[in-house]
Amino acid sequence: MLVPIPGFTHLLYLVPDPLTQAIAAQPEVPREVSALVRVALDSAFGLRPVAHLTPKLFDAAVRAHISSRLKRGVEAAELLTFHIQLRDGYAEVCGSLAVGSKRTAYAARLAISGGVWRMLNFRVLT
């Protein structure tokens, strides 16, 4: 496409048409990943008992973080964003929450072992 050069009436320069790039299909997010994150968030904010965090699906560090967070008290939280990156055999999740008038973030790392997704790490930032 020819575009005029500013300040020059009769001169034009050629701008190549943008190349259409094929958008790679996003991999399907396993339901287990989003369900594990939801259970962890619900437990961290007192909507579910910590007993729902089974050792088969949640690492000890995850259960310890959620238990220590509950000692500060129960708060209502609203999920604002949920982002996930899937890699070979693991997933990294992050997002944001509204807790009262504050905004905060969370992050988690999940891995698949023996055909089952397991949460290895989870943090709610304050």
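Using a Förster radius of 25 Å, what is the FRET efficiency between Leu125 and Lys56 based on their Cβ-Cβ separation? Nearest 0.05, please. Numbers along the way, then the final one.
Numbers: r = 27 Å, r/R0 = 1.06.
Between Leu125 and Lys56 the formula returns 0.40.
Jot down the per residue volume, in cubic angstrom and as a whole number, of the convex hull over the alpha-carbon atoms of region 31-124. Show your work: numbers first, answer last.
Numbers: hull volume 7.8 nm³, N = 94.
Hull volume over Cα atoms, normalised by residue count, gives 83 Å³.
Just to confirm the number: angle between the C-alpha axis of helix 60-70 and the first principal axis of the chain, 0 to 90 degrees, nearest 10?
It works out to around 80 degrees.
Calculate the dipole size of the chain relative to its Cα centre from +1 charges on Lys and Arg beta carbons and -1 charges on Asp and Glu beta carbons; express the result in debye to the nearest 20. Before the final figure, lay out the partial values.
Details: 14 positive and 9 negative charges, 153 e Å.
Dipole magnitude for the chain comes out near 740 debye.
Note down the relative contact order for the chain as a percent, whole number, built from C-alpha pairs under 8 angstrom at least six residues apart.
On the way: 178 pairs, mean separation 23.3, N = 126.
Reported as a whole number, the value is 19 percent.
Share of antiparallel DSSP beta bridges in region 31-124, in percent to the nearest 5? Please report the intermediate quantities before stating the final value.
On the way: 27 of 28 bridges.
Antiparallel bridges: around 95 percent, rounded to the nearest 5.
Where does each of 5-14, 72-81 land if you order them by average Cβ count within 10 Å, highest first? Don't skip to the end; give the middle numbers.
On the way: 5-14: 8.1, 72-81: 11.7.
Packing proxy ranking, top to bottom: 72-81, 5-14.
Compute the helix-to-body angle for 31-44: its Cα long axis versus the longest principal axis of the chain, expressed 0 to 90° and rounded to tens.
It works out to around 60 degrees.
Say the dipole of the chain comes from +1 at the beta carbon of Lys and Arg and -1 at that of Asp and Glu; which of Ile84, Leu2, Ser101 then lies farthest toward its positive end?
Ser101
Given a 10 angstrom Cα cut-off, can you work out which residue in Ser96, Ser113, Ser67 is the most mobile in a GNM of the chain?
Of Ser96, Ser113, Ser67, the most mobile in the Gaussian network model is Ser113.
Just so you know, all these numbers are worked out from the coordinates, no wet-lab data involved. These numbers come from a predicted model, not from an experiment. Counting neighbours? That spans all protein chains shown, and the Cβs are built from the backbone with ideal geometry, glycine included.
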